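See below for the structure under consideration.
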Amino acid sequence: MAPSPLTARRDLGEVEPASSRHNWARSAVEATDDAVFVGTADGRVIALETATDSTPDTGERWQARGEHSVVSMAATDDFLVVGERGGDGLVRVLDTETGVARWTYATADDVGTATKDSLFFRPYVVDLAVTGDRVVVAARRYERDGEARVWRSVVLGFDRDGRLAWRRRVHASPIAVAAEGDRVAVAYNRCPNPEQDGLVLLDAHSGARVASWDPGTDGDRRVGDVAFAGDAVAVASHGDKRGYLLDFDGETRWQLDLATERRVGDETVYAYPTHVCVADGTAVFVTGNTFAESTRDPDARHPDEHTAVGVSVDGGDRLWTRDTGGFARAAVATSSQIFVPSAQHFREREAERHGVHVFAPDAGHVETMGLPGIPTAIAAGGGVLAVVEEPVEYHDESVTRGAYRLRTRPIP
């Protein structure tokens with residue numbers, strides 16, 4: 001494999017390699033105008049100065065320690081919001097210059113503590129966002145009640161000093177939060193209660209419900225991701241495997257098939273749209289792994305699995321399509337570029353698929369930056385692309401590929 005244009009910026013220590021199947025989130029990263037912040041599996045948050053022409057060899061600004069994996073982040077010019085998985089599901093708000101904690105909050109007070117010593121049962125700060133004077137937090141916890149799966153979750157709105165302004169509890173599984181201006185969009189993935197909509201729009205100041213939307217499909221899978229697109233929101237629907245653009249009243253402007261059910265050989269297969277982001281009038285949807293109606297491990301492959309699709313926000317026209325080669329943990333955008341990481345394809349296990357794809361909003365694929373390990377967290381901002389690489393060891397090999405490290409690259 002040729003050397004990656006992503007520079008190995010910082011060794012993050014030792015971590016158990018990921019396996020053929022996808023590990024759950026255990027790292028996070030954010031980039032601002034003057035720093036890159038990375039959260040690690042052992043609870044550390046490291047702030048690194050962003051290199052400039054005058055200071056090309058900048059280093060660590062500070063390091064703060066916690067007890068549990070850092071899995072979500074949101075940054076402003078003066079503070080960093082950090083979410084953990086495990087323990088009390090802690091939210092930490094750190095000063096970006098010093099790393100000193102301004103305030104903390106235990107989401108376990110809302111969702112409860114783990115009923116079983118298992119990763120899946122621990123309180124999990126799924127996503128974070130900052131808009132205006134609000135810090136928005138979405139957290140969840142999973143448990144079993146006999147044969148039933150139970151999710152307890154909360155979405156919280158704080159002022160910047162840590163005062164709780166509003167709280168919304170539901171028995172569903174939030175998967176993503178987006179915030180812009182006076183609106184907060186919350187995407188719920190698993191909704192056992194059929195009365196719970198997959199997408200809820202809230203007033204950022206009061207937490208009041210403004211509008212909602214749901215694909216209206218059978219089963220508890222609802223929404224995979226949401227992103228603001230001017231006066232609308234783009235939604236990746238797990239329920240019917242389509243992409244949508246909705247106005248702020250929850251009305252559909254357009255919809256597009258992404259990886260809907262299709263007969264391939266003897267199997268009916270599909271793939272969930274897992275992510276969406278928006279850049280310069282283009283909504284980019286990304287699909288995940290193939291599944292089938294009859295099995296979780298089908299022989300067939302959906303032709304639109306692991307695919308990025310660029311769609312015109314104005315008209316809903318498909319602009320371009322690109323195979324990404326493996327499972328994407330995220331999709332992020334600047335005003336002029338989209339970045340989609342490709343981790344392992346757990347059924348075919350080809351290490352050449354590991355990397356980060358770069359897209360132009362109107363024209364599609366620009367380049368792919370290969371990695372020996374798998375990219376598991378990604379951020380773009382302040383003229384820097386930041387990627388957390390984790391090691392991976394496929395179950396039918398005895399080779400560890402990659403390492404636990406932060407990689408960066410200047411971007412326009």
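Annotations
- For residue 378, the conditions (1) modelled with pLDDT of 95 or more; (2) out of contact with any Gly (no Cβ under 8 Å at 6 or more places or on another chain); (3) over 17 Å from residue 274 (Cβ atoms) all hold with the exception of (3).
- Flag if residue 193 is touching a His at 6+ places or on another chain (Cβ under 7 Å) and open to solvent by 60 Å² or more (accessible area, probe 1.4 Å): yes
- Listed by first and then second residue, the pairs linking a residue in region 222-234 that is modelled with pLDDT of 95 or more to a residue that is among the acidic types (Asp, Glu), with Cβ atoms under 6 Å apart and 6 or more places separating them unless they lie on different chains, are 228/180; 232/247.
For (1) under 30 Å from residue 382 (Cα atoms); (2) open to solvent by less than 20 Å² (accessible area, probe 1.4 Å), each residue gets a yes or a no:
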site	(1), (2)
272	no, no
297	no, no
325	yes, yes
332	yes, no
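- Selection from region 329-348 of residues that are touching a Ser or Thr at 6+ places or on another chain (Cβ under 6 Å) and touching a residue at least 40 places away in the same chain (Cβ under 8 Å): 329, 340, 346
- In region 351-384, of all residues being open to solvent by 40 Å² or more (accessible area, probe 1.4 Å) and assigned to a strand (DSSP E or B), the one that is nearest to residue 322 (Cα to Cα) corresponds to 365.
- Complete set of residues in region 22-43 that are at pLDDT 95 or above and either polar (S, T, N, Q) or closer than 16 Å to residue 79 by Cα (or both): 27, 28, 29, 30, 31, 32, 35, 36, 37, 38, 39, 40
For every residue, the table says whether it meets (1) farther than 16 Å from residue 171 by Cα; (2) polar (S, T, N, Q).
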{"site": "90", "(1), (2)": "yes, no"}
{"site": "96", "(1), (2)": "yes, yes"}
{"site": "99", "(1), (2)": "yes, no"}
{"site": "105", "(1), (2)": "yes, no"}
{"site": "108", "(1), (2)": "no, no"}
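- For region 1-44, filtered to residues that are under 20 Å from the mean Cα position of the chain (by Cα) and among the charged types (D, E, K, R), the residue that is surrounded by the fewest Cβ atoms within 10 Å (Cβ to Cβ) is 21.
- Matching residues, region 366-412, being over 21 Å from the mean Cα position of the chain (by Cα) and under 24 Å from residue 281 (Cα atoms): 366, 367, 410, 412
- Region 175-184, residues that are in a strand (DSSP E or B), of a type outside the set (Asp, Glu) and over 14 Å from residue 91 (Cβ atoms): 175, 176, 178, 179, 183, 184
- Among the residues of region 246-259, the ones that are surrounded by 16 or more Cβ atoms within 10 Å (Cβ to Cβ) and under 23 Å from the mean Cα position of the chain (by Cα) come to 6 in all.
- Filtering 157, 87, 99 for residues that are modelled with pLDDT of 95 or more, in contact with a His (Cβ under 9 Å, 6 or more places away or on another chain) and within 19 Å of residue 41 (Cβ to Cβ) leaves a single hit, 87.
- Hey, residue 266 surrounded by fewer than 17 Cβ atoms within 10 Å (Cβ to Cβ), without any contact (Cβ under 8 Å) to a residue 60 or more places away in the chain and more than 22 Å from residue 340 (Cβ to Cβ) or not: yes
- For region 397-405, the count of residues that are within 27 Å of residue 59 (Cβ to Cβ), out of contact with any Cys (no Cβ under 9 Å at 6 or more places or on another chain), touching a residue at least 40 places away in the same chain (Cβ under 8 Å) and of a type in the set (A, V, I, L, M, F, W, C) is at least one.
- Single residue of region 385-405 satisfying the filter (over 15 Å from residue 27 (Cα atoms) and of a type in the set (Gly, Ala, Ser)) that is most open to solvent (accessible area, probe 1.4 Å): 398
- Scanning region 336-350 for residues that are open to solvent by 10 Å² or more (accessible area, probe 1.4 Å) and either modelled with pLDDT under 95 or within 23 Å of residue 17 (Cα to Cα) (or both) yields 346, 347, 348, 349, 350.
The values are calculated or read from the model by the stated rules, or taken from the named source; none is laboratory data. Given the structure is predicted, the values throughout are model-derived calculations rather than measurements. Because the Cβ atoms are built from the backbone with ideal geometry, glycine has one as well, and the counts that use them run over all protein chains shown. The area values use the complete protein model at the heavy-atom level, side chains included, leaving out ligands, DNA and RNA. Shrake-Rupley method; radii C 1.70, N 1.55, O 1.52, S 1.80 Å.
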